[in-house]
Amino acid sequence: MISVVIPVYNEEKNLPLLMDRLEGALRTLGRPYEVVFIDDGSRDGSLEILKNFVGRNGVRVVELTRNYGQHSAIMSGFSVVRGSIVVTLDADLQNPPEEIPGLVRAMEEGNFEVVGTVRQLRRDSVFRTVPSRIVNAMTRKITGVRMTDWGCMMRAYRREVVDRMVESQEYSTFIPALATLYAKRMTEIPVGHAERHAGVSNYNLSRLLNLQFDLLTSFSEFPLKVLLYLGGALAAGGVSLALLLVVMRLFYGAAWGGNGIFTLFAILFFFVGVLFFALGIMGQYIGRIYHEVRKRPRFTIRKVHGE
Ligand code: UDP
Ligand code: MG
C-alpha cells in the first residue's frame, strides 16, 4: 500500500484540483493507496473541504489543534500512515502528483529506502532559489549525503524510515535531513516543478531562516567548533597586537601609539561584532535545547477524520 502525506495550511483554492489530479495519478498505480491530509490549523475553508473528501477512496484527514508548521504537520501524518511506502508532497500543486508513480517505481526497482527529487526548471523567485543553493550546499556538508536538492518535499520513504523518524521525538526537525539518519540506500530522481496554483507562499524570510537553523543545529556542532577556534585565534591575535603596541611604543614613543587610536577602535568593533555573532549562534542552540527539554508535543491531533 502507498501512503501519500500532504500538509495543508490555507490551501482552499488548491485542494479540489489537487484531489482530482491525485486520484488520477494514484489510479494508474493499480494498487491500494491512502491519502493522509493534515490540516495544519488553517484559517480558511481548507478543513471543511478536506472533510468533504473523506469517504473518497482512502482519504483520511488529520486535524491538528493549531498551526505547527510544515515539518511537524508531516510528522503528525507519519504517525498515522499505514502504507509500506510513504510519499510526501505539497498541497499547492508545485509538485505534480503525476510524478508519484515514478517515485514509487524508482524506490522499488533500486530497492531504495529514500528517494529524493531534483526540481527541474524550478519555478520560484530568485529570493528562493539563491538561498536554496546555499542551503543545499550546507546540508550536503552537514549530513555528508550527496543529494542535490533538499528543499523539494516531494519525496518517498520506506515505512521503516518513517517509523524511526516518528520515534525520534525530535522537536526541531527538517524531515529530508532527518531521514538520512535512518536510511542507508538513498537516491534522487528528476521531477517537474510548477508555480503555485493559487494563493501565496506560507514562508517568509524569518520562517525560512528558522528552518535553516533547525537544520543546522540539529545536525551539527560544527558552528560551535568554528566559534571556539575563531574565538581562540582572535584572542591570540589580540594579545600579540597588544604586545606589538607595547614594543612599538617603547621604541617610537607615545605619539606612535596615539595615532593608532582609530585602528584600535576598528579592532574593538570587530571583536564586539564577532562576540555578538558568537552569542547569536549559541542562542540558536540554547533556544532549541530549551524546546527539547520542555518536551512539549511536536503536534497535537484534535481528531482523525475517516477510517
Ligand atoms: N504548510 C503547512 N504548514 C505551514 C506552512 C506550510 O502545512 O505552517 C504546507 C503548505 O500548505 C504546503 C507546503 O506546506 O502544502 C509548502 O508550503 P508553501 O507552498 O507555502 O511553501 P513554499 O512552496 O513556498 O516553500
Ligand atoms: Mg509551495
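Before moving on, here are some points about what is shown:
- Residues being in contact (Cβ under 8 Å) with a residue 40 or more places away in the chain, basic (Lys, Arg) and in a helix (DSSP H, G or I) are represented in the stretch 154-162 by at least one member.
- If the condition is being more than 20 Å from residue 27 (Cα to Cα), out of contact with any strand residue (DSSP E or B) (no Cβ under 7 Å at 6 or more places or on another chain) and either modelled with pLDDT of 95 or more or exposed (fewer than 15 other Cβ atoms within 10 Å of the Cβ) (or both), then the stretch 95-127 contributes 111, 121, 123, 125, 126, 127.
- Residue within the stretch 108-116 that is among the aromatic types (Phe, Trp, Tyr), assigned to a loop (DSSP other than H, G, I, E, B) and farther than 23 Å from residue 10 by Cα present: yes
- Within the stretch 146-202, tally of residues that are among the hydroxyl-bearing types (Ser, Thr, Tyr) and open to solvent by less than 30 Å² (accessible area, probe 1.4 Å): 4
- Of the helices (runs of 4 or more DSSP H) contained entirely in the stretch 205-307, those carrying at least 2 residues that are open to solvent by less than 40 Å² (accessible area, probe 1.4 Å) fall at 205-219, 222-252, 261-294.
- Residues of the stretch 23-48 satisfying the condition of being away from ligand 2 (no atom under 16 Å from the Cβ), assigned to a helix (DSSP H, G or I) and under 27 Å from the mean Cα position of the chain (by Cα): 25, 26, 47
- Out of 56, 66, sole residue that is modelled with pLDDT of 95 or more and either crowded, with 20+ Cβ neighbours inside 10 Å or among the basic types (Lys, Arg) (or both): 66
- In this entry, residue 270 is excluded by the filter for residues that are away from ligand 2 (no atom under 16 Å from the Cβ), among the aromatic types (Phe, Trp, Tyr) and either at pLDDT 85 or above or under 22 Å from the mean Cα position of the chain (by Cα) (or both).
The values are calculated or read from the model by the stated rules, or taken from the named source; none is laboratory data. Just so we're clear, the structure is a prediction, and the values are computed from it rather than from any experiment. No Cβ is skipped: glycine too gets one built from the backbone with ideal geometry, and neighbour counts run over all protein chains shown. Protein only, heavy atoms only, side chains kept; ligands, DNA and RNA dropped before computing areas. Shrake-Rupley method; radii C 1.70, N 1.55, O 1.52, S 1.80 Å.
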